[in-house]
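We did not get these values from a lab; they are worked out from the coordinates using the rules stated. Values in this document were obtained by computation on a predicted structure and should not be read as measured data. When we count neighbours, we look across all protein chains shown, and the Cβ atoms used for this are built from the backbone with ideal geometry, even at glycine.
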Amino acid sequence: MGTGLDPYAALRFKEFNIFLAVRFAMVFAWSMQFIVIEWQVYSLTKDPLSLGIIGLMEVIPAVGMALFAGHIVDQKEKRNLLVKCILGFSVVSFGLFMLSLPSLETKLETKSILYGIYFLVFIGGLVRAFLGPTIFSLIALIVPKKIYPNAATWSSTTWQMASVLGPALAGFSISLIGVHWSMCLIFSFSIVALIFLFQIPKKPILNPKIGEPVFQSLREGLRFVFKTKAVFGALTLDMIAVLFGGAVALLPVFAQDILHVGSEGFGILRAAPAVGASLTMLGSTRFPLHKKAGKKLLWAVAGFGLCIIVFGMSTYFWLSVIALFISGAVDGISMIIRQTILQLKTPDNMRGRVASVNSMFVGSSNELGAFESGLTAKLMGTVTAVVFGGTMTLLTVGITAFASPTFRRLDLSKDIQDHEAES
């Protein structure tokens, strides 16, 4: 069976399976940690803007360091760099564990605890600036080029599965063992990721321009992204959609004050989008999305915006869950197509820099979207803010579809055939 038709092609490589275990443990820990922090901060403040500040504290260092991180990733050995990223995350999670000590909470003022949380989230943003580009670059060193699309699909699927279980467990663990011991569980998963990672040997550095001046390197990476229409179009579309469709940042408000479902319901709401995305991604291993990729991406983002509007207007818990589930399913399509575009279109020596631009456009827009949602909720009310975000997403899709006929006609079939011929 050819690799183009084999849904398990990437899983036939032992190192890739170890890599998936590392990615699962890290995403599980990171997504669970973000949920626990959201719950703790909103419980302390009862202010939706404080949820937005969490996102802002992470996005500032993540965006500010992104391009420099990409340059460093392209210049350094990837396995050891990922080890350092996981160690950095472990320090942050252990700090949050200590900060949530019940005895400490009784001694410190709420403001002091908040400042401590925001500081650690800021440090986590610095770590994340390096983590995404390092993971993206490492995939290309583990599997052959001809199965990049399949590897990207399984990697994204693993990310989503961890995003399902992390938030779900966060909601239940807050209820069962409290914030403090939930933070301890998060720290333990980062240690598990580190143990698995040491089973992957060091990898060669494929960049022929080692020692290249940093600003020259950054200009080259940015020039590539902006001149490659498929890459630039996919990143821009997803960035705007995530920026204005960041309703998940306000889920603690919906769970506590609108739907009245408590921490268990909060966990279900937070996991619903990731469940939908996971099912989509598992299906895409058998039904690839590379044909007519541009049109599929536009329809997927439009569906996401519509679901966000329905969620914002819903006052029924299970209707809200369904809306979030479908939003995750169509967002999964968007994620797979975007990752496939990046893997196929990016040269090996630029993967760190291109992934950094991706983290600026898309990854960091999650946190910036959280701040936007928190701010608009403060100014115009929670429901109105979510409906506004979904409407802006639909408007963005319409403008993109009208203004970029080249992107509408994007098809990745030839790129896949070219990579198979190279192998």
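Mind sorting W154, W30, W181 by how few other Cβ atoms lie within 10 Å of their own Cβ, fewest first?
W181, W30, W154
Gaussian network model of the chain, Cα springs within a sub-10 Å range: biggest mean-square fluctuation belongs to which of I205, I72, I341?
I205
Cα-Cα over 25 Å: which of K14/K229; K203/K296; K227/K291; K84/K145?
Flagged as over cut-off: K14/K229; K203/K296; K84/K145.
Suppose only helical runs count, i.e. DSSP H with n ≥ 4. What mean residue ellipticity at 222 nm does that imply for the chain under -39500 (n - 2.57) per run, divided by all residues and rounded to the nearest 500 deg cm²/dmol?
Per the formula, -27000 deg cm²/dmol.
Rg and Dmax of segment 1-123 over Cα atoms: what are they, in angstrom?
Cα-based Rg and Dmax for segment 1-123 come out at 18.7, 64 Å.
List residues of segment 228-272, by number, whose backbone nitrogen lies under 12 Å from a label position 7 Å along Cα→C-beta of L395.
Answer for segment 228-272: 244.
For T396, T228, what's the fewest-to-most ordering of other Cβ within 10 Å of each Cβ?
T228, T396
Can you give the FRET efficiency for L282 and I177, using 1/(1 + (r/R0)^6), R0 = 41 Å, r = Cβ-Cβ distance, to the nearest 0.05?
With R0 = 41 Å, the Cβ-Cβ based efficiency is 0.85.
So which helices of the chain fit the span-like rule, where a helix is a whole DSSP H run, its Cα atoms reach 30 Å or more along the axis, and its mean Kyte-Doolittle is at least 0.0?
Those that clear 30 Å and a mean of 0.0 are 14-45, 78-99, 110-142, 148-197, 262-284, 293-313, 317-345, 382-403.
Normalised by the residues of the chain, what does the relative contact order come to in percent, with Cα pairs under 8 Å and at least six apart?
29 percent
Express the Stokes-Einstein translational diffusion coefficient of segment 231-346 in µm² s⁻¹, to the nearest whole number, given a Kirkwood radius over alpha-carbon pairs, 37 °C and a viscosity of 0.692 mPa s.
224 µm²/s
Test of understanding: ordering T280, T153 by Cβ neighbours within 10 Å, fewest first, what list do you get?
Least crowded to most crowded, the residues run T280, T153.
Please work out the Cα center distance from segment 298-317 to segment 224-245, rounded to the nearest Å.
21 Å
Multiply the residue gap between M313 and R409 by 0.36 nm, knock off their C-alpha separation, and tell me the result in nm, one decimal place.
31.2 nm
Given the convex hull over the Cα atoms of the chain, what projected area results after averaging over all orientations, in nm²?
Result: a mean projected hull area of 19.0 nm².
Which trypsin sites (Lys or Arg not before Pro) in segment 19-117 pass both tests, a DSSP loop state and at most 16 other beta-carbon atoms within 10 Å?
K46
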